[in-house]
1. What are the pairs, 6+ residues apart or on separate chains, where a residue within the range 440-462 that is within 17 Å of residue 472 (Cα to Cα) has its Cβ under 9 Å from a residue that is within 16 Å of ligand 1 (Cβ to nearest atom) and hydroxyl-bearing (Ser, Thr, Tyr)?
2. Is the range 371-393 home to any residue that is part of a helix (DSSP H, G or I) and over 30 Å from residue 150 (Cα atoms)?
3. Looking at the range 384-407, can you tell me whether even one residue there is within 11 Å of ligand 1 (Cβ to nearest atom), under 22 Å from residue 299 (Cβ atoms) and polar (S, T, N, Q)?
4. For the range 23-41, give me each residue that is assigned to a loop (DSSP other than H, G, I, E, B) and over 22 Å from residue 108 (Cβ atoms).
5. Those residues that are away from ligand 1 (no atom under 16 Å from the Cβ) and either part of a strand (DSSP E or B) or within 18 Å of residue 412 (Cα to Cα) (or both), I need them from the range 342-370; list them, please.
6. Please report, ordered by residue number, the strands (runs of 3 or more DSSP E) entirely within the range 115-233 with at least 1 residues that are over 11 Å from the mean Cα position of the chain (by Cα) and farther than 24 Å from residue 344 by Cβ.
7. Can you name every residue in the range 304-341 that is within 7 Å of ligand 1 (Cβ to nearest atom), part of a loop (DSSP other than H, G, I, E, B) and surrounded by 19 or more Cβ atoms within 10 Å (Cβ to Cβ)?
Amino acid sequence: MVGNHQRIVIPNLEKYRSGGGRLKGLRCVHTHLQHEPLTQDDLMDLALLNLDLIAAVTMDEHGRPQQIHAAHLLPEGRNGENWEILAPLGSGQLDMDCQGLIRSLESEFARKARALKVKRKWERAVLVSVTTAPKDVAQDSMAELTELAESSRIAVVDTLIQHRHRIDPRFLVGEGKISELVILALQRGADLLIFDQELNPSQVRSITELTELKVIDRTQLILDIFAQRAQSREGRIQVELAQLKYLLPRLTGKGTAMSRLTGGIGGRGPGETKLEVDRRRVRDRIAHLEKSLASIQRQRAQRRAKRNKKGLPVISIIGYTNVGKSTLLNTLTRSSVLAERRLFATLDPTSRKKRLPKEAEVIITDTVGFIRQLPQELITAFRATLEELEDAHLLLHVIDISHPRCLHQIQCVERILEELRLERIPVLRVLNKQDLVGPKTVRTLARRWDGVPISANDEHTLAPLLERIESHISRLRKHAAYAGAAKPIAVSA
Ligand SMILES: Nc1nc2c(ncn2[C@@H]2O[C@H](COP(=O)(O)OP(=O)(O)OP(=O)(O)O)[C@@H](O)[C@H]2O)c(=O)[nH]1
Ligand SMILES: [Mg+2]
């Protein structure tokens with residue numbers, strides 16, 4: 001390598017081994033012209049490249065070697081430092097056992113990696129947010145990213161938020177932070193970086209190349225959760241479509257970045273082999289999936305039409321993810337749809353009949369939860385499922401009032417309803433999980449948001465909700481009879 005008096009440029013080392021708790025198998029020995037010991041840049045190279053050792057040789061005025069400054073990485077941080085700088089050696093004292101040192105370091109790194117592996121069934125990730133947003137907004141978003149990761153069975157070993165006035169378009173994070181990230185990941189046994197911000201293809205590539213870690217963003221994480229959750233044939237097709245559409249514009253490059261991106265988390269997602277194919281074949285696959293989806297959706301439309309002919313009022317439960325929609329459906333209709341403390345437990349809509357206390361029979365449907373920045377690919381893929389909401393005569397907007405960010409969640413749901421052009425359907429706000437909040441807060445919120453407080457898991461709390469639903473339905477029925485609305489509602493029952 002040749003550099004100038006300020007810096008050296010390290011060539012591409014991609015083909016050297018890395019990962020698995022091992023060092024790079026390379027030592028970097030270079031000269032320093034001005035007697036200076038190792039610089040910050042040197043230490044950064046050490047960390048970023050995962051070098052076995054970095055050494056700088058200073059020299060006297062005749063150009064003869066004088067002192068050797070060397071440093072190596074530490075398997076465990078010490079006093080906030082991730083490397084050990086060795087005491088400078090004279091040029092005549094170079095009898096250190098380099099091989100032995102590196103061997104013992106490597107075995108320590110490997111032992112740590114093994115210990116982590118035994119403990120982990122889950123992948124380990126460092127979450128990163130690079131943002132110009134205010135601190136609390138960034139922290140809230142990060143908290144949600146953590147929930148998302150955990151819902152995808154990824155252990156969050158650390159988080160890092162960087163506030164910037166300007167975002168670096170190449171790496172997003174500043175270069176200094178990148179090396180901090182690499183070291184953090186190495187020490188905490190993480191092999192995955194998850195960014196809260198959407199990354200463009202070239203950012204994924206450059207961060208992957210620089211860090212040699214798997215890099216994904218929030219969108220990909222959500223897609224991944226959906227991929228794990230999809231049960232029905234329709235759901236699986238929709239998710240694969242969304243994944244492929246997300247991937248297509250990113251299929252430009254080659255090399256490590258791409259294979260990692262397509263590998264998804266733990267090799268889930270569309271899978272590497274399937275995606276080593278070129279863009280044309282991805283497009284073919286998309287076309288094929290769209291065709292199968294269309295045929296499934298025709299059947300679904302027939303079912304819908306049949307249901308509509310029966311003329312039963314349809315009540316759809318909607319809301320942010322994990323607020324208790326499925327739990328409410330279960331309690332209302334005594335069914336046992338999967339309800340879980342995970343984001344996006346429900347992907348496939350479920351419908352159940354229910355007879356309301358006073359009279360009418362209604363259909364209640366449970367839907368997929370909403371989330372902030374719901375990836376556009378998913379909205380498109382799930383359009384048909386979401387369109388079913390158009391049939392609803394009443395939307396129950398379930399809100400988790402025990403959630404610290406519930407106001408944001410409400411706003412987000414209302415925005416998505418607008419985007420789906422559903423805002424003309426009457427909405428009843430249902431304030432769920434009242435058991436987790438003090439009675440005074442419940443009263444205040446019920447007044448402020450004009451909602452009905454309930455505990456979805458406790459049947460005894462549902463009477464006021466049922467009353468409100470009944471009065472809505474009967475008002476609707478009068479209105480429908482009066483206005484001759486297109487949507488027929490059974491007057492019998
Ligand atoms: N304490 C309490 N917990 C509740 C209540 N309602 C639901 N939960 C819990 O909240 C979690 C999420 O419930 P789900 O019914 O799966 O929520 P969801 O809205 O269907 O979620 P997704 O389908 O993932 O969008 C579960 O662990 C429920 O047990 C409630 O009234 N009180
Ligand atoms: Mg659910």
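1. What qualifies is 453/461; 462/331; 462/455.
2. Yes: the range 371-393 contains one or more residues that are part of a helix (DSSP H, G or I) and over 30 Å from residue 150 (Cα atoms).
3. no
4. Answer for the range 23-41, where residues must be assigned to a loop (DSSP other than H, G, I, E, B) and over 22 Å from residue 108 (Cβ atoms): 33, 34, 35, 36, 37, 39.
5. Listed by number, the residues that qualify are 353, 354, 355, 361, 362, 363.
6. Once the strands (runs of 3 or more DSSP E) in the range 115-233 are filtered for at least 1 residues that are over 11 Å from the mean Cα position of the chain (by Cα) and farther than 24 Å from residue 344 by Cβ, what remains is 123-131, 154-163.
7. Residues satisfying the conditions are 321, 322, 323, 324, 339.
Rundown of residues vs (1) more than 30 Å from residue 368 (Cα to Cα); (2) surrounded by fewer than 18 Cβ atoms within 10 Å (Cβ to Cβ); (3) assigned by TED's automatic domain parsing to the domain that holds residue 370; (4) not polar (S, T, N, Q), yes/no style:
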position: 130; (1), (2), (3), (4): no, no, no, yes
position: 136; (1), (2), (3), (4): no, yes, no, yes
position: 148; (1), (2), (3), (4): no, no, no, yes
position: 151; (1), (2), (3), (4): no, no, no, no
position: 170; (1), (2), (3), (4): yes, yes, no, yes
position: 183; (1), (2), (3), (4): yes, no, no, yes
position: 212; (1), (2), (3), (4): yes, no, no, yes
position: 217; (1), (2), (3), (4): no, no, no, yes
position: 227; (1), (2), (3), (4): no, no, no, yes
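The values are calculated or read from the model by the stated rules, or taken from the named source; none is laboratory data. This one's a predicted model, so the numbers in the text were calculated from it and none came from an experiment. Every residue, glycine among them, receives a Cβ derived from its backbone with ideal geometry; neighbour counts consider all protein chains shown.
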